[in-house]
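Worksheet for the structure shown next.
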Amino acid sequence: MRTINLVILPGDGIGPEIMEVAKKILNKLKKIGFFDLRIEEALVGGASIKDSGVPITEKTMNLAIKADAILFGAVGDYSFDGLPHHLRPEAAILGLRKNLSLFANLRPVIVFNELLDNSSLKPEFLNGLDLMIIRELTGDIYFGEPRGIKIIENGEKVGFNTMTYSESEIKRIAKVGFEIARSRNKHLTSVDKANVLETMQLWRDVIEVVSKDFADVNLDHLYVDNAAMQLVKNPKQFDVILTGNIFGDILSDQASMLSGSIGMLPSASMSFNNKGLFEPIHGSAPDIAGKNIANPIAMVLSVAMMLRYSFKLESAAEKIELAVKNVLAKKCSTGDIHKKGWKILSTSEMGNMIEKEMEQLC
C-alpha cells in the first residue's frame, strides 16, 4: 500500500476548523484502504508569529520541502497588519510558493446543480459549468523587483511595484495550460493586457509560440478587462483560462461567485514532479473563526485535488467529490450556501456527513 507523507498547515482563523474536517476525510480513506498516511502538523501565519515571531519557521519550511504534498488552511490576522510585509502572516504562503517552486495554480470552478440558484447569475448561464483557471504563481508584480515606498524630492511618498515575466516562466506555465486543456475540451483562453503592458505583450508572444506544439488545442486571447466581463456574461464559453499572477488572483475570486460561495472552491499550487500545496481559495475569515460555522467543502475538495494531481488516486478523489454532491442533494449545508427548506449544519456536522457518505460509497 502506498504511503502518503503529508505536512498539514492549518494556519489562522477558520483554518484549524476546516483542517479538522480534512483530516477526518483522510483518515477515513486510510481506514478504507486507499493508502497509508503519515502526517506532520506545524504552525504557519499568525499562529506561527505568536509562537516564534515569524510567519513560517525554517523548520516548517524544511518539513514542507521534504513532504510529498502540503495541505494548507488559511492565513491572515488583522492584529499583524502593522508589521512589515515580510513579517505578516501572508508572507508564509508567498514563501512556500517561492521555495517549493509552486508556479502553477489550478483553480477549478464547478457549479453543483443543487446550488444553481445560489449565484447572482441566472441558472441557465451556470448549468453544467466546469472551467479551470490556471494562474502563474511565482512571477509577476507580486515578486518583481524593484518594489517599495520612497520619498521623492518634494517630500511626497511614492509606492512602486514591478511587473516582470521571463520567457522561460511563461513557457512553463503555458505548457501546463495547454496540457490540461488537451485533457479536457481542447480550448484554452489566454488572458493578458498586451495592448498597454510590454510584459503582457511578451506573454502573448510566448503563448503563441508554445501553441504550435499543441495544434489540437484551440487558442484564443482576451484582454483582462474583457475576460472579467465575459466571466459574468457567458461563463460557459470558457474551458481553460490561462493568465498571470495578479490577473489570475482577481479573476479566480470573481469566478468563485459563479458557484454561489467562495467556500466551495479548492485550489492546487503545483511544482514539477507533481508536488503541490492544496488549499481552499477563501481566506482565514477571522469574523467567524471558532464558531464552528465555516463551510469546509472547499477544504475537502482540496483534499480531492491533492489525491488526483499529486498521487494519481482518481478513485479516491471521485469518492470525495461524489460524497459532497450527495450531501448537498440531501439539502444539507452550512449557512453560507443555505437555502429555504435546507438543514443548516455546523462545520463539524458537515464533515461527519461527508465522511458517512464516503463510507457508503466505498
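This table checks each residue for (1) outside the structural domain of residue 148 (by TED's automatic domain parsing); (2) surrounded by fewer than 21 Cβ atoms within 10 Å (Cβ to Cβ).
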| position | (1), (2) |
| --- | --- |
| 93 | yes, no |
| 106 | yes, no |
| 115 | yes, yes |
| 127 | no, yes |
query: Within the stretch 182-230, which residues are among the hydrophobic types (A, V, I, L, M, F, W, C), out of contact with any His (no Cβ under 8 Å at 6 or more places or on another chain), more than 22 Å from residue 253 (Cβ to Cβ) and assigned to a helix (DSSP H, G or I)?
result: 202, 206, 209, 210
- prompt: Checking residue 79 against (1) farther than 19 Å from residue 311 by Cα; (2) at pLDDT 95 or above; (3) among the polar types (S, T, N, Q), which test does it fail?
  reply: (2)
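So that you can scan it fast, the table gives a plain yes or no per residue for (1) modelled with pLDDT under 95; (2) outside the structural domain of residue 297 (by TED's automatic domain parsing); (3) among the polar types (S, T, N, Q); (4) not in a helix (DSSP H, G or I):
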residue: 320; (1), (2), (3), (4): no, no, no, no
residue: 323; (1), (2), (3), (4): no, no, no, no
residue: 326; (1), (2), (3), (4): no, no, yes, no
residue: 336; (1), (2), (3), (4): yes, no, no, no
residue: 340; (1), (2), (3), (4): yes, no, no, yes
residue: 348; (1), (2), (3), (4): no, no, yes, no
residue: 351; (1), (2), (3), (4): no, no, no, no
residue: 354; (1), (2), (3), (4): no, no, no, no
residue: 359; (1), (2), (3), (4): yes, no, no, no
query: Out of (1) touching a helix residue (DSSP H, G or I) at 6+ places or on another chain (Cβ under 8 Å); (2) outside any helix (DSSP H, G or I), the odd one out for residue 38 is which?
result: (1)
task: Kindly provide the set of residues from the stretch 69-89 that are surrounded by fewer than 18 Cβ atoms within 10 Å (Cβ to Cβ) and not in a helix (DSSP H, G or I), ordered by number.
output: 81, 82, 83, 84
- prompt: Of all residues in the stretch 142-157, how many are among the polar types (S, T, N, Q) and either in contact with a Phe, Trp or Tyr (Cβ under 8 Å, 6 or more places away or on another chain) or in the same structural domain as residue 95 (by TED's automatic domain parsing) (or both)?
  reply: 0
query: Here are 9, 29: which of them is farther than 21 Å from residue 291 by Cβ, of a type outside the set (Val, Ile, Thr) and either in contact with an Asp or Glu (Cβ under 7 Å, 6 or more places away or on another chain) or in a helix (DSSP H, G or I) (or both)?
result: 29
query: If you go through the stretch 193-208 one residue at a time, do you hit one that is closer than 26 Å to residue 122 by Cβ and either over 23 Å from the mean Cα position of the chain (by Cα) or not assigned by TED's automatic domain parsing to the domain that holds residue 97 (or both)?
result: no
field: Members of the stretch 264-309 found to be part of a helix (DSSP H, G or I) and of a type in the set (Lys, Arg), listed by number
entry: 308
field: In the stretch 43-66, the residues that are crowded, with 21+ Cβ neighbours inside 10 Å and in contact with a strand residue (DSSP E or B) (Cβ under 7 Å, 6 or more places away or on another chain)
entry: 44, 45, 47, 64
message: Criterion first (among the acidic types (Asp, Glu), farther than 16 Å from residue 271 by Cβ, modelled with pLDDT under 95 and in contact with a strand residue (DSSP E or B) (Cβ under 9 Å, 6 or more places away or on another chain)) does residue 36 satisfy it?
response: yes
- line: Looking across the stretch 131-162 at residues that are on the phi < 0 side of the Ramachandran plot and assigned to a helix (DSSP H, G or I), the single one that is modelled with the lowest pLDDT is 142
message: Take residue 32 and tell me if it is under 26 Å from residue 357 (Cα atoms) and either small (Gly, Ala, Ser) or crowded, with 22+ Cβ neighbours inside 10 Å (or both).
response: no
- prompt: Which one is nearest to residue 217 (Cα to Cα), of the residues in the stretch 141-192 that are in contact with a Gly (Cβ under 9 Å, 6 or more places away or on another chain) and among the small types (Gly, Ala, Ser)?
  reply: 190
message: So in the stretch 231-245, with the set limited to residues that are in a helix (DSSP H, G or I) and touching a strand residue (DSSP E or B) at 6+ places or on another chain (Cβ under 9 Å), which one is farthest from residue 131 (Cα to Cα)?
response: 245
message: Between 56, 18, 49, which is among the aliphatic types (A, V, I, L, M) and farther than 23 Å from residue 266 by Cβ?
response: 49
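The values are calculated or read from the model by the stated rules, or taken from the named source; none is laboratory data. Just so it is clear, the model here is predicted, and its values are computed rather than measured. Here the Cβ is made from the backbone with ideal geometry for all residues, glycine too, and neighbour counts use every protein chain on show.
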